[in-house]
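Trainee: Just passing along the structure, written as structure tokens.
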Amino acid sequence: MKNSLSVDFNANASALYVIAALVILYVLAQSIFFLIRALKQSKKIGMDKAVIKRTARRAAVFSIAPAISIFIGVAALAPKLGIPLPWLRLSVIGSLVYETSAAEIGAKSMNVPWESFTATTITAEQFVTIAMIMSIGCLLPLVMVGFFTKKYSSGMLKMEKKDKKWGEILSNAMFMGVVSCFFATNFTKVTTGLAGWIPVFIILISATVMIIFGVIQKTTKWRWINDYALPVSMIVGMVCSVPIYNAIV
């Protein structure tokens, strides 16, 4: 039976597409449900329609860059894990950095080089092991959000009421800590050679685009341009990464 599963397994099987699609549709249904409730609540409390439209526009714009990065992530992992698993993971909760790291850990646990994996040769046992590691590895944040977010939010609100300045400082410090954690990983391979500097080059390009947007906003007083600064800088960085990678590697 074990050999039969290994031989007959297909990482791009129709059943896996159906399972992934059902989960993603369920998540989309949740999003639509809460969107409708939010719109009803906004009307109930008398929120200005201009604020609602501006918020919706910003949310739509900010979703462009993440959507492109998700597509790139699926395209990067599909040759090794098939399309359904990366599509499911990256559409719901994952990120390319985390999913790749988790997959490499799974491959290492089975004493199989990650570079040797392909969607056509991966076995059922290898696929399930990697999928389980991807899933289990992200459970802790979900549990922590469910049990501790309300308590954390209440504590932050109490602090802001007592001392608004220190509340803002603490909130910004925590945010910068998270950003710094992800930011620092881009410098981990700079000692390996010019190829290790590729992430740094992309950061500098994206930062330059952000600065340009800031100068334009300051010069023209167009406040609306701030809505496009981050997504455009991310997209420009991703587009520039291709020729930079090809030129160096």
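The values are calculated or read from the model by the stated rules, or taken from the named source; none is laboratory data. What you see is a predicted model, and the numbers here were worked out from it, not measured in a lab. As a convention, Cβ positions derive from the backbone with ideal geometry for all residues, glycine included, and neighbour counts pool all protein chains shown. When the accessible area is computed, the model is the full protein with side chains, heavy atoms only, and any ligands, DNA or RNA have been set aside. Shrake-Rupley method; radii C 1.70, N 1.55, O 1.52, S 1.80 Å.
Trainee: List pairs: first residue in segment 104-122 and within 21 Å of S14 (Cβ to Cβ) and among the β-branched types (V, I, T), second residue outside any helix (DSSP H, G or I) and open to solvent by less than 30 Å² (accessible area, probe 1.4 Å) anywhere in the structure, Cβ distance under 7 angstrom, at least six positions apart or on different chains.
Mentor: I122/A11
Trainee: Now for a different question. Could you say whether any residue in segment 51-65 is touching a Ser or Thr at 6+ places or on another chain (Cβ under 9 Å) and not β-branched (V, I, T)?
Mentor: Yes, the conditions are met somewhere in segment 51-65.
Trainee: Just name the residue that is nearest to A75 (Cα to Cα) out of those in segment 113-149 that are in contact with a Gly (Cβ under 9 Å, 6 or more places away or on another chain) and of a type in the set (A, V, I, L, M).
Mentor: A119
Trainee: Give all pairs with beta carbons closer than 6 Å in which a residue from segment 22-34 that is within 16 Å of L85 (Cα to Cα) meets a residue that is in a helix (DSSP H, G or I) and open to solvent by 90 Å² or more (accessible area, probe 1.4 Å); count only pairs at least 6 apart in sequence or on separate chains.
Mentor: Note: no pairs meet the criteria.
Trainee: Shifting gears a bit: Go through (1) of a type outside the set (S, T, Y); (2) under 23 Å from C138 (Cα atoms); (3) open to solvent by less than 80 Å² (accessible area, probe 1.4 Å); (4) in a helix (DSSP H, G or I) and name the single condition V51 misses.
Mentor: Condition not satisfied by V51: (2).
Trainee: Being open to solvent by 80 Å² or more (accessible area, probe 1.4 Å), at pLDDT below 90 and assigned to a helix (DSSP H, G or I) is the filter here, so list the residues in segment 1-34 that pass it.
Mentor: K2, N3, L5, V7, D8
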